[in-house]
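For reference, the structure discussed in these notes is given below.
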Amino acid sequence: MPSGSSTPSDSKRQRVLPVPKAAASMRTFEPDSSIVSDIIPSPNYGERNKGRQPDMILLHYTGMPDVEGALARLCTAGTEVSAHYVVLEDGRIVQCVSEAKRAWHAGVSSWAGEDDINSCSIGIEIINRGHDWGYPEYPLRQIAAVIALCRGIMLRRKVPSHRVLGHSDVAPARKKDPGEKFPWHSLANSGVGHWVTPAPVVRGETLMLGTISDAVLSMQQALAKYGYGVPLTGKYDAATMEVVTAFQRHFRPARLDGVADHSTLSTLQALLASLPAEETAVASK
């Protein structure tokens, strides 16, 4: 497939994608998914460490004002950033790195005891301006494409549902994407990702910044069992608050305050209870 080629149908809603100059001269490759519409190769990739096969899908938003800038950043040497796929607002899917290779999308991150998330994951960037640029809603056509792409990857790579994650899950201190507007429930309804109906937000006792107790330690252990990188100290410190906020952003987006209220804790327990026993992450000791 020629670099930058586009599906000719429905031309009224599609425009020719901007191909960064460096990418235009790179050798293209066969797409891993039949629903890829464009190949724009990125030079920013390497080999997966120790032959690690990907069993995680990591979803991002691009967090840039336009698709041109996002593709330029992902596909230009020297930026040290890339992703396997980019999903446009109109539903087109661009592949930039072969799934067999290690794209550079996760940065400093961890999940379930692993800290080389780039080696164990496939990264999908979703075109969205993000929190710094107004954070618009995700179009239905775009979400449908994300679902179709993820379903194919899950089938090919045997990715379990609970390992379809957001960037904020694996890097809670640094990242917010894909954010609280991302419709995780819609993905789960189509067999992508792990989800339970969040417990309602009600008044009651809470755990919050500064609290030191066995209840805090129990919560930290539950978060770690699910996969989050959280200190097991019994102290509700800033790092714990960041993880709780990331959890809320994904699984209980009605209120993002980093306070572990009844809704947050109940939703966490429901998620753990709905996982197969052999699939739960082992908490750090």
Discussion item. Restricting to the range 192-204, give me the number of residues that are open to solvent by 40 Å² or more (accessible area, probe 1.4 Å) and under 17 Å from Ile57 (Cβ atoms).
Written reply: 1
Worksheet item: How many residues are open to solvent by 20 Å² or more (accessible area, probe 1.4 Å) and in contact with a Lys or Arg (Cβ under 8 Å, 6 or more places away or on another chain) when one looks only at the range 263-277?
Response: 1
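Considering each of Ala77, Ala106 in turn, give the residue that is of a type in the set (A, V, I, L, M, F, W, C) and modelled with pLDDT under 95.
Details: Ala106 fails: modelled with pLDDT under 95.
On inspection, the qualifying residue turns out to be Ala77.
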Worksheet entry | Matching residues in the range 111-131 - criterion: being open to solvent by 20 Å² or more (accessible area, probe 1.4 Å) and farther than 28 Å from Lys50 by Cα | Arg129, His131
Worksheet item: Out of (1) open to solvent by less than 10 Å² (accessible area, probe 1.4 Å); (2) under 13 Å from the mean Cα position of the chain (by Cα), what's the single condition that is false for Arg163?
Response: (1)
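Residues to consider are Gly204, Gly234; find the one that is under 13 Å from Leu265 (Cα atoms) and either over 27 Å from the mean Cα position of the chain (by Cα) or in the same structural domain as Lys158 (by the TED database) (or both).
Selected residue: Gly204, the only one of Gly204, Gly234 that is under 13 Å from Leu265 (Cα atoms) and either over 27 Å from the mean Cα position of the chain (by Cα) or in the same structural domain as Lys158 (by the TED database) (or both).
Has the range 168-185 got at least one residue that is at pLDDT below 95, surrounded by fewer than 18 Cβ atoms within 10 Å (Cβ to Cβ) and among the charged types (D, E, K, R)?
In the first step, residues of the range 168-185 are kept if they are at pLDDT below 95; the result is none.
Checked the range 168-185: no residue is at pLDDT below 95, surrounded by fewer than 18 Cβ atoms within 10 Å (Cβ to Cβ) and among the charged types (D, E, K, R).
Residues checked against (1) over 24 Å from Val159 (Cα atoms); (2) in contact with a helix residue (DSSP H, G or I) (Cβ under 7 Å, 6 or more places away or on another chain):
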{"residue": "Ile40", "(1), (2)": "yes, yes"}
{"residue": "Glu47", "(1), (2)": "no, no"}
{"residue": "Lys50", "(1), (2)": "no, no"}
{"residue": "Met64", "(1), (2)": "yes, yes"}
{"residue": "Glu68", "(1), (2)": "yes, no"}
{"residue": "Ala72", "(1), (2)": "yes, no"}
{"residue": "Cys75", "(1), (2)": "yes, yes"}
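May I ask you to list the residues in the range 205-229 that are outside any helix (DSSP H, G or I) and open to solvent by 20 Å² or more (accessible area, probe 1.4 Å)?
Filtering the range 205-229 for residues outside any helix (DSSP H, G or I) gives 205-213, 227-229.
Matches in the range 205-229: Glu205, Thr206, Leu207, Met208, Leu209, Gly210, Thr211, Ile212, Ser213, Gly229.
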Worksheet item: Conditions: (1) touching a residue at least 40 places away in the same chain (Cβ under 8 Å); (2) under 23 Å from Met154 (Cβ atoms). Asn189 meets all but one. Number of the miss?
Response: (1)
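Listed here are the residues, each with its yes/no results for (1) assigned to a loop (DSSP other than H, G, I, E, B); (2) in contact with an Asp or Glu (Cβ under 6 Å, 6 or more places away or on another chain); (3) farther than 20 Å from Ser82 by Cβ.
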| residue | (1), (2), (3) |
| --- | --- |
| Asn118 | no, no, no |
| Ile124 | no, no, no |
| Asn128 | yes, no, no |
| Asp132 | no, no, yes |
| Ile147 | no, no, yes |
| Met154 | no, no, yes |
| Leu165 | no, no, no |
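The values are calculated or read from the model by the stated rules, or taken from the named source; none is laboratory data. Computed from a predicted model, the values in this text were never measured in an experiment. Positions of Cβ are backbone-derived with ideal geometry, glycine not excepted, and every protein chain shown enters the neighbour counts. All accessible areas refer to the heavy atoms of the entire protein, side chains included, with ligands and DNA or RNA removed. Shrake-Rupley method; radii C 1.70, N 1.55, O 1.52, S 1.80 Å.
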